[in-house]
Amino acid sequence: MIKLHDGGAFLIGGSQIVPDKDGSFQNAGFSKEEASKSTIAYRILSDHNTSDDMSKLKIKFDKLTSHDITYVGIIQTARASGLEKFPIPYVLTNCHNSLCAVGGTINEDDHMFGLTCAKKYGGVYVPPHQAVIHQFAREMLAGGGKMILGSDSHTRYGALGTMAMGEGGPELVKQLLGRTYDINRPEVVAVYMTGEPKPGVGPQDVALAIIGAVFDNGYVKNKVMEFVGPGVESLSADFRIGVDVMTTETTCLSSIWQTDDKIREFYAIHGREADYRELVPGEVVYYDGMIEIDLSKIDPMIAMPFHPSNTYTIDEVNANLEDILRDVEKKAAVSLDNAVPYKLTDKIRDGKLYVEQGIVAGCAGGGFENICAVSDILDGKNIGADEFTLSVYPASMPIYMELIKNGCAAKLLETGAVLKTAFCGPCFGAGDTPANNAFSIRHSTRNFPNREGSKLQSGQISSVALMDARSIAATAANKGYLTSATKQIEKDTLKKYKYSFDSTIYANRVFDSKGVADPAQEIHFGPNIKDWPAMEALPENLVLKVVSEIHDPVTTTDELIPSGETSSYRSNPLGLAEFALSRKDPQYVGRAKEVKAAEDRRVAGEHPCEVLPEIKPVMEAIKGQFPDVDRTNIGIGSTIFAVKPGDGSAREQAASCQKVLGGWANIANEYATKRYRSNLINWGMLPFIIEEGDLPFANLDYLFVPKIREAVENKLSDIEAYVVKDGKLEKFMLHMAELTDDERTIILKGCLINYYAS
C-alpha cells in the first residue's frame, strides 16, 4: 500500500524510480545536486527567493490570508511596527469566530475591526459564513507557481500548483512590513502515486494512510511533499485538494503537486483559467526521500483518538474491536494525564461499534464531491431517531448553492442530516461539541484531546475519530454503527456531478479594495481588542523557574492554549493568557504570574523577593559562584519543559501567552514543527533543546543561565546552565539549533515588535 524509501531516489522520465542508497547512480552521469533542481518545489522556491543563495532562502510571498482568530493580533503587531498599507493582497476571512453569541460582542467587534482594516490598508474582507479560509483561497487566490502564506496551519493549496505554508502571525507581519520568510532550503520528498482508488475510498482515506506511515518517524518533517506519478491523473481536483490539506498533519513544511488538464478545468470553472500553470518534475529529478503509494490498495481508514496518526483500516477496527479500543483507552490515559475516566469499549453494541455523531465539515470535508457522495450514499435512507446525529458544512456558499441546485441538499435534509453554513467550528471545538463520553466521527482535520470542545477541567470528555465523508455516510445509513463505505455502496451508487461555480455571492458580499488603501478610514476597536503589553529585551543573565513539566510524547498547540470558546479572547493578549495550559496544567498560569510579579518588581528597581520570597536563597546561591550577578543584570522568568511541543495549529498564541505571562524559554527534546519554534523566536523566547534522558531538573526548580545574552550574540549552540537547589548549583547543558541573524536579533530585542520598533 505505502512504501517509504530508506534514502533518496531519482525519478527518470516521470515513471522510473531509481533508489540511491549508496550514491552509485551518480556514476551514471547524473548529479544529485543538479537533479534536485528539477523538482517542482525547487523551481517555485527559486522564483520567490530574494537572496543570492538557494541554500539560505529569503522568500517573498504573492498573497497572504488569515481568519478571525488570527488577523487582529497580526494587524495589531504590524500597526505597532509601522504598517501603512498592505503591500500584497491580504485576505481576511471570518470562519472561526463566526458564532457572534459567544463572548457577547467580542466576535463581531473583531469582524468590524477586520472590515475597517481591509478598507484602511487595502485588503479583502470575506464576511462570516461565506467561506472557510482555505476554500476561498482555492476558489479565488491560488495560482500555478505562486506562493501563499497563511496564519492557519492548513494553508495548503499544492494540488492547484500553489506552494502554500501555514505559519504563526509574526511571519505574516514580516511580509506586511516588506521583510522575508527566512529558511534553509527544505528537502523535497516525492509522493509517487500509482493506480486509482476503489469506489467508496475518498481523499481522507488516502491522507490518513500517509499520515499513519510518516508521522511517528518524522519522514517528511519540515520538508516539502511533492505529489507525482501516474496515479495523480486518476484523481479529481477535489480529491487531490482533500489529500493535500491533510499534509499539515504529517508535519511537512509545504506541498506541491504536478498539474494537468483537471487542474486547468478547475481554474476555468472558477473563471480564472489564466492562473493555471502546468507543473511537472524534470526529466531527471532527485528527491531526498520517496513515498510510493498504490492508490488501488488503500482501504477506508479511521484515525482513532487522539491523533491523526493513530490509524487503522475500518475493517481492522471492526474485526478487532475490543483489542483496539482498549489500546486507545490505554494511550488516552497518558494523553489525558488520567484527569478523567475515558472509555470506548462501552460503545460496543451487539459486537459492533456505535458512534453518536457524524460531522462532514471545513477545509478537509466540506468540498463539493465529498458532500455529493454523502448525499448519494444516504439517498433513500435516514439516520434514525436515536442518539446519532449528522451535520454537514459546505466549505463555501458557492458550494452550498450548487448543492441546492443539483438536489443533493434536499436529499440530505430528507435523511435527518442538518446542513449548516461555512464555519470551521467543528474542527476546533466551537461547534457541535458532543455529549459527555460521546464518540464522534468526522471528516475534519484533527482529533487531538479536547479539540472537539470538551473540558477536562470540568470533568468532561468526548472524543473524535477522523474518517472520510463516504464512510461517515455509510455509518449514518446504518444508524450510527461504524461501517466502511466499500461495504455499503453498490455499483453506480456514486454519481458524477458537474460543478458550476457562481461568484455572484462573493461579488455581492465580499469587500475587495483592489489594493487601494484609504488612510482616512477609522479602525473599529471593540472593548476586547487590546494592544500587546511592553516586553523587555533579553537580559545578560537569566533565572528561570520551571512552572510546568509535560512528558507526553507530543504536546499540541491546543494543549498549550486551548481552542474553542477561548478563541474569542485572542484579540486580548492578557485575557487569553489566563487560559494558557488550562486543559493540561491548570496551575501553570498562577505559577507563571508569581514569577512575573517578581520580575516586574526587579524592573521597577525594587527587590523581587518581596513578592516571591523563594527567590532570595536562589539569588544567594548564584552570587556565591557568580559574584558579579545582581538584580541589575539578571532577568527572572518562567519556562516549561515538554518532550515535543508544538504539533498542530500555527497559532502564535501558544507562544505569546507564555511570553506575556513572563516566559523566557521553552526546553524540549525536540520541537514538533518549525512553525511553533518560529513562534517562540518571534516572541523573544529561547527555543532550548535538551538531550533525551533523565532531566537534571524537575518542576518548580530554578535554573540559572549565565551570560545568555552573550551566548546568543556569539552564536553559541551549546549553552551552560545550572540547576539551583539547596544552596548549590549543578551544571548541565542546553542547546540551541541554528538561528538566522534576524532571529538572534529578535530574541535579543525581546520580541518581533521591539525588533521593528528599533
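Kindly evaluate Asp337 against the criterion of being over 29 Å from the mean Cα position of the chain (by Cα) and surrounded by fewer than 24 Cβ atoms within 10 Å (Cβ to Cβ).
No: the conditions fail for Asp337.
Residues to consider are Lys198, Lys223; find the one that is over 29 Å from Glu283 (Cα atoms) and either outside the structural domain of Lys644 (by TED's automatic domain parsing) or surrounded by fewer than 21 Cβ atoms within 10 Å (Cβ to Cβ) (or both).
Going through Lys198, Lys223 in turn, just one is over 29 Å from Glu283 (Cα atoms) and either outside the structural domain of Lys644 (by TED's automatic domain parsing) or surrounded by fewer than 21 Cβ atoms within 10 Å (Cβ to Cβ) (or both): Lys198.
Could you say which residue among Glu536, Glu490, Glu565 is acidic (Asp, Glu) and in the same structural domain as Met619 (by TED's automatic domain parsing)?
Matching residue, one of Glu536, Glu490, Glu565: Glu565.
Just one of (1) surrounded by fewer than 20 Cβ atoms within 10 Å (Cβ to Cβ); (2) under 27 Å from Glu565 (Cα atoms) trips up Ser66, so point out which.
Exception for Ser66: condition (1).
In the list Ala395, Ala474, Ala422, which residue meets the criterion of being aliphatic (A, V, I, L, M) and over 19 Å from Pro128 (Cβ atoms)?
It is Ala474.
For the subset of the stretch 715-756 comprising residues that are of a type in the set (Ser, Thr, Tyr) and not in a strand (DSSP E or B), which member is modelled with the lowest pLDDT?
Tyr756
Can you spot a residue in the stretch 662-672 that is of a type in the set (A, V, I, L, M), under 25 Å from Lys56 (Cα atoms) and touching a residue at least 12 places away in the same chain (Cβ under 8 Å)?
yes
If we scan the stretch 498-509, do we find a residue that is β-branched (Val, Ile, Thr) and within 30 Å of Met112 (Cβ to Cβ)?
Yes, there is a match, as at least one residue in the stretch 498-509 is β-branched (Val, Ile, Thr) and within 30 Å of Met112 (Cβ to Cβ).
Does the stretch 489-501 hold any residues that are under 33 Å from the mean Cα position of the chain (by Cα) and either surrounded by 19 or more Cβ atoms within 10 Å (Cβ to Cβ) or of a type outside the set (Ser, Thr, Tyr) (or both), and which are they?
Leu494, Lys496, Lys498, Tyr499, Phe501
Looking only at the stretch 323-363, how many residues end up being touching a strand residue (DSSP E or B) at 6+ places or on another chain (Cβ under 7 Å) and among the charged types (D, E, K, R)?
Looking only at that region, the number is 3.
Taking the conditions exactly as written (assigned to a helix (DSSP H, G or I), among the small types (Gly, Ala, Ser) and within 26 Å of Pro449 (Cβ to Cβ)), does Ala580 satisfy them or not?
no
Restricting to the stretch 122-148, and then to whatever is among the charged types (D, E, K, R) and either surrounded by fewer than 24 Cβ atoms within 10 Å (Cβ to Cβ) or free of Cβ contacts under 8 Å to residues at least 40 places away in the same chain (or both), can you tell me which residue is farthest from Ile256 (Cα to Cα)?
Step by step, filter the stretch 122-148, then rank; the result is Glu139.
For every residue, the table says whether it meets (1) within 15 Å of Met736 (Cα to Cα); (2) of a type in the set (Lys, Arg); (3) buried (at least 24 other Cβ atoms within 10 Å of the Cβ); (4) not assigned by TED's automatic domain parsing to the domain that holds Leu748.
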| site | (1), (2), (3), (4) |
| --- | --- |
| Val589 | no, no, no, no |
| Gly648 | no, no, yes, no |
| Arg651 | no, yes, yes, no |
| Ser656 | no, no, yes, no |
| Val660 | no, no, no, no |
| Asn669 | yes, no, no, no |
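Scan the stretch 299-342 for residues that are within 21 Å of Ile210 (Cβ to Cβ) and part of a loop (DSSP other than H, G, I, E, B) and report the count.
9
Of all residues in the stretch 106-154, which are assigned to a strand (DSSP E or B) and small (Gly, Ala, Ser)?
Within the stretch 106-154, Ala131, Gly150 meet the criteria.
Could you please find all residues in the stretch 155-171 being assigned to a helix (DSSP H, G or I) and either modelled with pLDDT of 95 or more or within 13 Å of the chain's Cα centre (by Cα) (or both)?
Gly158, Ala159, Leu160, Gly169
Restricting the search to the stretch 140-169, which residues are closer than 14 Å to Asp62 by Cβ and hydrophobic (A, V, I, L, M, F, W, C)?
Selection gives Met140, Leu141, Ala142, Met147, Ile148, Leu149, Leu160, Met163, Ala164, Met165.
Just wondering, is there one or more residues in the stretch 143-155 that are touching a helix residue (DSSP H, G or I) at 6+ places or on another chain (Cβ under 7 Å) and farther than 30 Å from Ala78 by Cα?
Within the stretch 143-155, none of the residues are touching a helix residue (DSSP H, G or I) at 6+ places or on another chain (Cβ under 7 Å) and farther than 30 Å from Ala78 by Cα.
Working only within the stretch 724-747, note down all residues that are in contact (Cβ under 8 Å) with a residue 40 or more places away in the chain and of a type in the set (Asp, Glu).
Scanning the stretch 724-747 gives Glu738, Asp742, Glu743.
Show the residue pairs meeting these rules: Cβ distance below 8 Å; 6+ apart or different chains; first residue within the stretch 269-295 and within 24 Å of Lys63 (Cβ to Cβ); second residue part of a strand (DSSP E or B) and among the β-branched types (Val, Ile, Thr).
Leu279/Ile256; Val280/Val228
Mind telling me which of the residues Lys593, Lys545, Lys623, Lys616 ends up being among the basic types (Lys, Arg), at pLDDT 90 or above, in the same structural domain as Gly663 (by TED's automatic domain parsing) and buried (at least 21 other Cβ atoms within 10 Å of the Cβ)?
Result: Lys545 is the single residue among Lys593, Lys545, Lys623, Lys616 that is among the basic types (Lys, Arg), at pLDDT 90 or above, in the same structural domain as Gly663 (by TED's automatic domain parsing) and buried (at least 21 other Cβ atoms within 10 Å of the Cβ).
Return the only residue of Gly684, Gly662 being modelled with pLDDT of 95 or more, under 15 Å from Val543 (Cα atoms) and touching a Lys or Arg at 6+ places or on another chain (Cβ under 8 Å).
Among Gly684, Gly662, only Gly662 is modelled with pLDDT of 95 or more, under 15 Å from Val543 (Cα atoms) and touching a Lys or Arg at 6+ places or on another chain (Cβ under 8 Å).
Which pairs have Cβ atoms under 6 Å, sit 6 or more apart or on different chains, and link a residue in the stretch 196-214 that is in contact (Cβ under 8 Å) with a residue 60 or more places away in the chain and over 18 Å from Ser236 (Cβ atoms) to one that is assigned to a loop (DSSP other than H, G, I, E, B) and of a type in the set (S, T, N, Q)?
If the second residue must be assigned to a loop (DSSP other than H, G, I, E, B) and of a type in the set (S, T, N, Q), the pairs left are Ile211/Ser309; Gly212/Ser309.
Are there any pairs, at least 6 apart or on different chains, whose C-beta atoms fall under 6 Å, with the first in the stretch 451-463 and free of Cβ contacts under 8 Å to residues at least 60 places away in the same chain and the second of a type in the set (A, V, I, L, M) and assigned to a loop (DSSP other than H, G, I, E, B), and if so, which?
Correct list of pairs: Ser454/Ile461; Ser462/Ala438.
Within the stretch 627-661, how many residues turn out to be out of contact with any His (no Cβ under 8 Å at 6 or more places or on another chain), in a loop (DSSP other than H, G, I, E, B) and of a type outside the set (Val, Ile, Thr)?
So the count comes out to 11.
The values are calculated or read from the model by the stated rules, or taken from the named source; none is laboratory data. Note that the structure is a prediction, hence the values are computed from the model and not measured. In this analysis, Cβ positions are derived from the backbone assuming ideal geometry, glycine residues included, and neighbour counts consider all displayed protein chains.
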